[in-house]
Structures are given as C-alpha cells and as structure tokens.
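K.L.:
Dumping the structure here so I can ask a few things about it.
The values are calculated or read from the model by the stated rules, or taken from the named source; none is laboratory data. Please read all numbers here as calculations on a predicted model, not as lab measurements. Counting neighbours? That spans all protein chains shown, and the Cβs are built from the backbone with ideal geometry, glycine included.
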Amino acid sequence: MSRLLLSVCFTVSLSMSVQADDPELIVTDWPGFDAEGMYATYKEKWGVRPTYAFVTSDDETFQKAISGFGADVSHPCAQMVPKYREAGLIEPWDVSRIPEFKNIMPEFLASPIIQDEAGVWIIPADWGATAIAYNAEMVPAEDIATLQVFADPKYAGKITMPNASDDVWALAYLATGVTDWTNVTDDQFNTAADWLRKVHPGVRAYVNSSTEMAQLMKSGEVMIAWSWPDGLSILQKEGFPVGYQRTPKEGVTTWFCGLVNLKNGKGSEDKAYDYVNSWIRPEAAEVLVTSIGYGHANAAGMQTLDPAVLDAAGLGPIDGPTLPQLPFDLDQRQRQLETFDRIKAGF
C-alpha cells in the first residue's frame, strides 16, 4: 500500500514536521505510528523517544531520502523497496541483531526484492488490506457487494479514495478483473485507466489521511470510501456506524510495509537496531492493532490476540480474491503515478 497519514491530531498541511527528541536517531514515518508502545523498549534504554520526521506519502518519503534529508530509518511499503535499492539509498539489515526476526511472517520475506543473498532489505512491520468502508446505516449491503459501487451514479459525489497511486490503481485493476499487477499488459493498464476516468467525476475527495476520510464520512459528505483499516478504527472509536467490506466479488488489495536502514543516516546504528527491536517485539502487536488499526508482522505477537478483535479491526482472514501489492516494475509504477496525476487533473 502507499499509505499517507494515520494522524488524529496533526496538521496535514505541514508536509513534514520534525519533533526533536533523540538527535541520534531520526525516523521518517506516518503520524500516528509514533505511539509510545511501538518504541517502548527504545525509550526504556535511552530515556527519550526517537526524533520523528512525519511525511504524507511513500513518494515524499523517497524524495526526502534521495535529497539527503539524513534520516536513519524509514517506513516505506514493500512496493517501494526496488526504488530504494536502485537508488542505492538503503543497506541490508543484520538480522543476527534482531532476535524477533525469526517470528516475522514468512510470506512477507518470499520475494528476492525483500531478501536475497545480500541480506534482508526491509524488516516487515505492519500489514493490512484496503477495502470498502461505508456508512452502514445509509448504504445497503447489496451495493457494496461489488467494487462497481464506486462507479454507481447513485453515489456520485459521495465517495472518497486515498490520494495514493498504488491503492487507487489496485482498486482499478481489481474492478477490471486483474489480481496480479506484477505483469499487466497495456490493454489491462488502459482498461483500468479508463475505469478510473469514469469514476473520477464522482469522487468527492482524494484524501491525504484516514482522519480526513473519517471526518468526511461523519459529516455525511461521503458514504463510501476505499479505505485502509485505520480509517475503520477511527470511526469505530468515535461510535460511527461504519461497515468494512473486505469481500466484494472482485476482491480487495493487501499490502505490507516495513523498516529500512538508510545509508545516508548520520545517527547511531546501534540505536537503529534498538528501534527495530522495539517495533517488532511481540508485545507491540497489541499496540499496533488497538492504537492504530494495522496488523503486525510478528506472527507470535499476533497469535496472542483474540480472533474476534482482529475480525472487528478488519484484520481477520479474507475469503475472496486479493491483489497483493508486491514489488513490481519501476517504469510501470511511474507510468501509473503519472497517469493518476493526469486523471485527477481531469485528463
């Protein structure tokens, strides 16, 4: 996924804000992921939390890295790893220094983009699915049984999507019958682009945060959203009658994100490992699920949680088609990004 924000109380207009704490470890991340339980053992050891530099998109994070911003650890999603590797921005982690690496869900490590003979390029950390969030009091179940609800004239002006190219293209591919984006044909790409152009006039907003989506849904401005699970969490905590459809007939998209070791960081390498170890310890799983609404990559940690809690959070097993957001061709990703920008501009 290309998540944008998780913040409940941060100003979105600030494309990057830095809260200075430990100057020896700078982490670029999405607001909200700085929940204290995620860095608890780091703080116990060092007395302060890391310095967080908050960003609004995977692509912004990459641009900060390539421009020499100087962060030590970053939190991209898996499909960005080839871009970081090609640019020479990251180096493999020494997993002998990460005891809980043994409990990382193995499916996240299956790609040679993630792990190869040189080492492990990203430590899987969090995961989820992008699916249909909807006003359960206003939208009948039969309407959200299909992704074509986004093109339904009845909901024109009442839908929202993330301002995130990867998630929007995953939706378009699924809606047009594609569940593997690693080798799409020109015809499949063009069909998906045409679907997005058809849907675009009915989009109320391409949101820069799940908080923004939740506000629009609570106000009644939107009734249907292509949403990350944290949007569901926000609305549930506020008592809003939100539904989360993860089994439309065409499917939903799944993704995982993780922690990368930036070469140009000026901070402490030891502290970078302490931060990763705090993040992926089993006890952090409950914090991530309950505070933020995402799944945790530590299988042992997730096994301690009640399946009913996971189902309510939109993190239970999915019985239906999925499009995994695996790493794919960089030129194709750039093509999708540029086309999405043109579609948003009305072309």
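K.L.:
For segment 213-230, give me each residue that is within 30 Å of PRO327 (Cα to Cα), modelled with pLDDT of 95 or more and either outside the structural domain of THR176 (by TED's automatic domain parsing) or not hydrophobic (A, V, I, L, M, F, W, C) (or both). I'd like the intermediate steps shown before the answer.
P.N.:
From segment 213-230, those within 30 Å of PRO327 (Cα to Cα) are 213-214, 224-230; that's our starting set.
Still in the list and also modelled with pLDDT of 95 or more: 213-214, 224-227.
Of everything in segment 213-230, just one residue is within 30 Å of PRO327 (Cα to Cα), modelled with pLDDT of 95 or more and either outside the structural domain of THR176 (by TED's automatic domain parsing) or not hydrophobic (A, V, I, L, M, F, W, C) (or both), namely SER227.
K.L.:
Go through ILE114, ILE159 for me and flag whichever is closer than 27 Å to GLY301 by Cα and among the β-branched types (Val, Ile, Thr). First the steps, then the outcome.
P.N.:
Values: ILE159 fails: closer than 27 Å to GLY301 by Cα.
Exactly one residue qualifies, and that residue is ILE114.
K.L.:
May I pose another question? With the condition kept exactly as written, say whether any residue in segment 236-245 is more than 20 Å from ALA164 (Cα to Cα), in a helix (DSSP H, G or I) and in contact (Cβ under 8 Å) with a residue 12 or more places away in the chain. Can you show your working first?
P.N.:
Of the residues in segment 236-245, the ones more than 20 Å from ALA164 (Cα to Cα) are 236-243.
If we keep only those that are in a helix (DSSP H, G or I) as well, we get 236-237.
Subset that is in contact (Cβ under 8 Å) with a residue 12 or more places away in the chain: 236.
Yes: segment 236-245 contains one or more residues that are more than 20 Å from ALA164 (Cα to Cα), in a helix (DSSP H, G or I) and in contact (Cβ under 8 Å) with a residue 12 or more places away in the chain.
K.L.:
Among the candidates TRP169, TRP181, single out the residue that is among the aromatic types (Phe, Trp, Tyr), out of contact with any strand residue (DSSP E or B) (no Cβ under 8 Å at 6 or more places or on another chain) and in contact (Cβ under 8 Å) with a residue 40 or more places away in the chain. Before you say what the answer is, go through the steps one by one.
P.N.:
Values: TRP181 fails: out of contact with any strand residue (DSSP E or B) (no Cβ under 8 Å at 6 or more places or on another chain).
One residue alone meets the criteria, TRP169.
K.L.:
Within segment 256-268, does at least one residue satisfy the condition of being assigned by TED's automatic domain parsing to the domain that holds ILE144, hydroxyl-bearing (Ser, Thr, Tyr) and at negative phi?
P.N.:
No - not one qualifying residue is present in segment 256-268.
K.L.:
If you don't mind, there's one more thing I want to ask. Working carefully through the options ALA141, ALA170, ALA129, find the one that is in a helix (DSSP H, G or I), among the hydrophobic types (A, V, I, L, M, F, W, C) and within 22 Å of LEU315 (Cβ to Cβ). So that I can check it myself, show each step before the final result.
P.N.:
Values: ALA141 fails: in a helix (DSSP H, G or I); ALA129 fails: in a helix (DSSP H, G or I).
It is ALA170.
K.L.:
If you take the residues in segment 141-164 that are surrounded by fewer than 24 Cβ atoms within 10 Å (Cβ to Cβ) and small (Gly, Ala, Ser), which one is nearest to GLY320 (Cα to Cα)?
P.N.:
Checked segment 141-164; the qualifying residue nearest to GLY320 (Cα to Cα) is ALA145.
K.L.:
Can you confirm whether segment 152-160 contains a residue that is touching an Asp or Glu at 6+ places or on another chain (Cβ under 9 Å), outside the structural domain of GLN325 (by TED's automatic domain parsing) and over 26 Å from LEU337 (Cα atoms)?
P.N.:
No, because not a single residue in segment 152-160 is touching an Asp or Glu at 6+ places or on another chain (Cβ under 9 Å), outside the structural domain of GLN325 (by TED's automatic domain parsing) and over 26 Å from LEU337 (Cα atoms).
K.L.:
So which helices (runs of 4 or more DSSP H) are wholly in segment 285-347 and hold at least 2 residues that are among the acidic types (Asp, Glu)? Show your work before the answer.
P.N.:
Details: elements: 299-302, 307-312, 330-344.
Because the criterion is at least 2 residues that are among the acidic types (Asp, Glu), the helices (runs of 4 or more DSSP H) in segment 285-347 that meet it are 330-344.
K.L.:
With over 18 Å from ILE159 (Cβ atoms), surrounded by 17 or more Cβ atoms within 10 Å (Cβ to Cβ) and at pLDDT 95 or above as the only criterion, which of GLY177, GLY267, GLY202 stands out?
P.N.:
Details: GLY177 fails: surrounded by 17 or more Cβ atoms within 10 Å (Cβ to Cβ); GLY202 fails: over 18 Å from ILE159 (Cβ atoms).
Only one candidate passes the filter, namely GLY267.
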